[in-house]
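**Q** The structure follows.
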Amino acid sequence: MGQLPLPLQLADHAVFDSFLPAGNEALVATLIEVAGRTGAGCWLWGGAASGKTHLLQAICERAGDRSVYVPLKVFAEAGPEVIEGLASRELVCLDDIDIVAGDAGWEEALFELCNQLLDSEAQLVVAALCSPRESLIRLPDLKSRLSRLPVFQLQALSEEQRVAALQLRAGHRGLELPAETARFMLSRSRRDMASLYQLLDRLDLEALRAKRRLTIPFVSEVLRQS
């Protein structure tokens, strides 16, 4: 595979308005500033399905054509050649950098990209499962360069915040999701937000097909059919 085709399609739900910032207000404010051309960027980290991809795509949605979203989980096997030319963008968002940490070829390519972005005064946002200090990146110069970025840890949502996050996502899609129905979803599904959002997507389709509201009996019926 040659150079990465640009731009990549972003998920239509991945915008700042559909992300509940509870506990992560400073991070979200920083990312909005980055999208508005303020600051050099940042490193954000947190567990799987904590919202990192949503936020990186939200930055690119807000920043428009001057930005690019790069999911390294998707392109890692293709080799580091796919990121050639990314420095032509003013804002580069690298998702899942953990996937290529420890790979000498990838690390050299990322270090070169960092230098090019620095020379052009562009911005870099990186998402990972851990902080820069805990990263498995072996190239000292790359680790040092990335460690200079402001670091934010995504805070996990509480029970009630998960309910609020589901209601926010539902409202963004034009759905009414009562709090008691959202709590029922939490009690009948995996509790990570990615799984909950997938369930909400399914319920949206089923409710549209059946012309039903998102009540507990309806959600229970859909879950029994799975």
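Computed from the coordinates by the stated procedures, all read-outs in this text should not be read as laboratory data. The structure displayed is predicted, hence computed values, not measured ones. So basically every Cβ, Gly included, is an ideal-geometry build from the backbone, and we count neighbours across all protein chains shown.
**Q** Which of the three applies to the chain, rounded, prolate or oblate, going by the alpha-carbon gyration tensor with a ≥ b ≥ c and a/c under 1.5 meaning rounded?
**A** Working: a/c = 2.16, a/b = 2.08, b/c = 1.04.
Cα axes put the chain in the prolate bin.
**Q** Tell me which residues come under 5 Å, amide H to amide H, from Trp43 once H is placed; ignore anything under 5 positions away on its chain.
**A** Those lying under 5 Å, H to H, from Trp43 are Val126, Val151, Phe152.
**Q** ³J(HN,Hα) across the range 109-126 via Karplus (A = 6.51, B = -1.76, C = 1.60, θ = phi - 60°), whole Hz, x for Gly/Pro?
**A** 5, 5, 5, 5, 4, 4, 5, 5, 5, 5, 4, 9, 6, 8, 10, 9, 10, 10
**Q** Pairs of alpha-carbon atoms within less than 8 angstrom and 6+ residues apart define the contacts here; what relative contact order does the range 39-107 have, in percent? Could you put the intermediate results ahead of the total?
**A** Details: 59 pairs, mean separation 22.0, N = 69.
The value is 32 percent.
**Q** Ok, one more. Tell me the angle of helix 25-35 to the major Cα principal axis of the chain, expressed in degrees between 0 and 90 and rounded to the nearest ten.
**A** 60 degrees
**Q** Could I ask something else about it? Counting helices only, and only those DSSP H runs with n ≥ 4, report the 222 nm mean residue ellipticity of the chain as the sum of -39,500 (n - 2.57) divided by its residues, in deg cm²/dmol to the nearest 500.
**A** Values: 9 runs with 103 residues, N = 226.
One gets -14000 deg cm²/dmol as the mean residue ellipticity at 222 nm.
**Q** Expressed as an acute angle from 0 to 90° and rounded to the nearest 10, what is the orientation of the C-alpha long axis of helix 179-188 relative to the principal long axis of the chain?
**A** 70 degrees
**Q** What FRET efficiency, computed as 1/(1 + (r/R0)^6) with R0 = 35 Å and r the Cβ-Cβ distance, is obtained for Arg133 and Ser88, rounded to the nearest 0.05? The partial results should precede the final answer.
**A** Details: r = 30 Å, r/R0 = 0.87.
That gives a FRET efficiency of 0.70.
**Q** Which shape class, rounded, prolate or oblate, goes with the range 11-85 when its Cα gyration tensor gives a ≥ b ≥ c as root eigenvalues, a/c under 1.5 marks rounded, and past that a/b bigger than b/c marks prolate?
**A** Details: a/c = 1.84, a/b = 1.42, b/c = 1.29.
Verdict is prolate for the range 11-85.
**Q** For the range 42-48, what does the Karplus curve 6.51 cos²θ - 1.76 cosθ + 1.60, with θ = phi - 60°, yield as ³J(HN,Hα) per residue in whole Hz, taken in order and with x for Gly and Pro?
**A** With the stated coefficients, the range 42-48 comes to 6, 10, 10, 9, x, x, 4 Hz.
**Q** So how much slack lies between Ala40 and Glu112, counting 0.36 nm per residue of separation and subtracting their Cα-Cα distance, in nm? Walk me through the intermediate numbers first.
**A** On the way: separation 72, 0.36 × 72 = 25.92 nm, distance 1.65 nm.
Stretched fully, the Ala40-Glu112 segment lengthens by 24.3 nm.
**Q** So for the pair Gln161, Ala29, with labels modelled 7 Å out along Cα→Cβ, what separation do we get in nm?
**A** Going from the Gln161 label point to the Ala29 one covers 1.6 nm.
**Q** Of all beta bridges DSSP finds with both residues in the chain, what is the antiparallel percent, to the nearest 5?
**A** Around 0 percent of the beta bridges assigned by DSSP in the chain are antiparallel ones.
**Q** Taking 8 Å as the Cα distance limit and 6 or more residues as the minimum spacing, I'd like the relative contact order of the chain as a percentage. Please report the intermediate quantities before stating the final value.
**A** Values: 339 pairs, mean separation 52.1, N = 226.
23 percent.
**Q** Among Arg162, Arg209, Arg191, whose mean-square fluctuation peaks in a Gaussian network model of the chain (Cα, cutoff 10 Å)?
**A** Arg209
**Q** Further question on the same structure: Along the range 213-226, what does the Karplus equation 6.51 cos²θ - 1.76 cosθ + 1.60 (θ = phi - 60°) give for ³J(HN,Hα), rounded to whole Hz, x for Gly and Pro?
**A** 3J(HN,Hα) across the range 213-226, in whole Hz: 8, 7, 9, 4, x, 5, 4, 4, 5, 5, 5, 5, 7, 7.
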